[in-house]
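**Student:** The structure is given below, and queries will be raised subsequently.
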Amino acid sequence: MTEAELDRLVAQIGEELLARVGDGSPSGPVAVAPKKGEGLNLPDQVCPGCVQRCPQTCARNTKEIIAAGADRVSASERLTKVDPTIAALIDHTILKPEATRADVTKVCREARQYNFASVCVNPYWVPLVRAELTGSPVKVCTVVGFPLGATSTEAKVAEAAAALRAGAQEVDMVINVGALRSGDHEAVKLDIQQVVGVSHEAKAIVKVILETALLDDNQKAVACTLAKLAGADFVKTSTGFGPSGATAHDIALMRSVVGPEMGVKASGGIRTLADVQTMKAAGASRIGASASVKIVEATAA
């Protein structure tokens, strides 16, 4: 076959293909190759302003692309490569009482996708989260005595033990705020110590929630000291249900009290990458957030 004959054959094949995807004739719509950097920005055909993120952001468009004949769909690496060091700090959290099974499952899928430190849920959802995270490095985290911390120590221990049997690997317990404010320090220490005991037996770690918005700086320092004496692994600012959440001041104070050997978790009101960076700079080694996906995707922008 001569070069001229090959050119004619290629032209005929091209016209036939265009006819099939157009209006049935060779004069139908003609495919336009995107300019470099524009992606598939084809008004009326795909999406105005497309940034080549269909697999991440638009299930409908992805399905349409596949239905049209694609057997692979690519996406922009620049926009999907998040900072793993930020993701690894975050407990992806869903503690609202109205959360459904579908909501919790979605959070688990996101945690697997971004490799968050853990998924933190109310105890009822622990078996589901354990199943959803099987084979993943993401930990199963739950809460105890949540959100008030005013239940008995026996109740907290029983709640922790049940959650651990169900598959929890991390326990965030709420301190007895009223006892602390009353100066009943031994009661507060024993409350933490017994939850720590049952948790450590199961190889789980314990984070002690102070609810810092209800405490003055001296009480925060005392609470951190009691948590450390009781053998806890972390101190944590807030439940997210109190008057306010984490502040850089509180994180710095907590870090100064517990030293480098304990973890400090900032939780409550953390919604942006800037918030995370501020808390990390103040001394936080873990972040609790429900806006986790938004935060980590900001690292890829």
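**Student:** What number of residues within segment 91-104 are within 21 Å of residue 296 (Cα to Cα) and either surrounded by 15 or more Cβ atoms within 10 Å (Cβ to Cβ) or not assigned by TED's automatic domain parsing to the domain that holds residue 276 (or both)? Lay out the reasoning, then the answer.
**Tutor:** The initial filter retains those residues of segment 91-104 that are within 21 Å of residue 296 (Cα to Cα), namely 91-95, 103-104.
This time we only want the ones that are either surrounded by 15 or more Cβ atoms within 10 Å (Cβ to Cβ) or not assigned by TED's automatic domain parsing to the domain that holds residue 276 (or both), so: 91-95, 104.
The total comes to 6.
**Student:** If you don't mind, there's one more thing I want to ask. I'd like the full set of residues that are surrounded by fewer than 22 Cβ atoms within 10 Å (Cβ to Cβ) and among the aromatic types (Phe, Trp, Tyr), limited to segment 115-143.
**Tutor:** Residue satisfying the conditions is 124 alone.
**Student:** For segment 123-137, state whether one or more residues are among the basic types (Lys, Arg), assigned by TED's automatic domain parsing to the domain that holds residue 225 and within 22 Å of residue 209 (Cα to Cα).
**Tutor:** First, the residues of segment 123-137 that are among the basic types (Lys, Arg): 130.
Narrowing the set further to residues that are assigned by TED's automatic domain parsing to the domain that holds residue 225 leaves 130.
Pick out the ones that are also within 22 Å of residue 209 (Cα to Cα) and you get none.
No, every residue in segment 123-137 fails to be among the basic types (Lys, Arg), assigned by TED's automatic domain parsing to the domain that holds residue 225 and within 22 Å of residue 209 (Cα to Cα).
**Student:** Inspect all residues belonging to segment 281-300 and state whether any of them is at pLDDT 95 or above, touching a Lys or Arg at 6+ places or on another chain (Cβ under 6 Å), more than 24 Å from residue 87 (Cβ to Cβ) and surrounded by fewer than 23 Cβ atoms within 10 Å (Cβ to Cβ).
**Tutor:** The answer is no; no qualifying residue exists.
**Student:** Could you tell me whether segment 217-229 includes any residue that is free of Cβ contacts under 8 Å to residues at least 24 places away in the same chain and farther than 20 Å from residue 88 by Cα? Let's see the steps before the verdict.
**Tutor:** Our first condition is that a residue be free of Cβ contacts under 8 Å to residues at least 24 places away in the same chain; within segment 217-229, this holds for 218.
Right, trim to farther than 20 Å from residue 88 by Cα and you get 218.
Within segment 217-229, one or more residues are free of Cβ contacts under 8 Å to residues at least 24 places away in the same chain and farther than 20 Å from residue 88 by Cα.
**Student:** Can you tell me which condition residue 246 does not meet? The list is (1) more than 20 Å from the chain's Cα centre (by Cα); (2) buried (at least 24 other Cβ atoms within 10 Å of the Cβ); (3) of a type outside the set (D, E, K, R); (4) more than 25 Å from residue 166 (Cα to Cα), and all the others hold.
**Tutor:** Failing condition for residue 246: (1).
The values are calculated or read from the model by the stated rules, or taken from the named source; none is laboratory data. Worth saying up front: this structure is predicted, and the values here are computed from it rather than measured. Ideal geometry is used to build each Cβ from the backbone, glycine not excepted, and the neighbour counts take in all protein chains shown.
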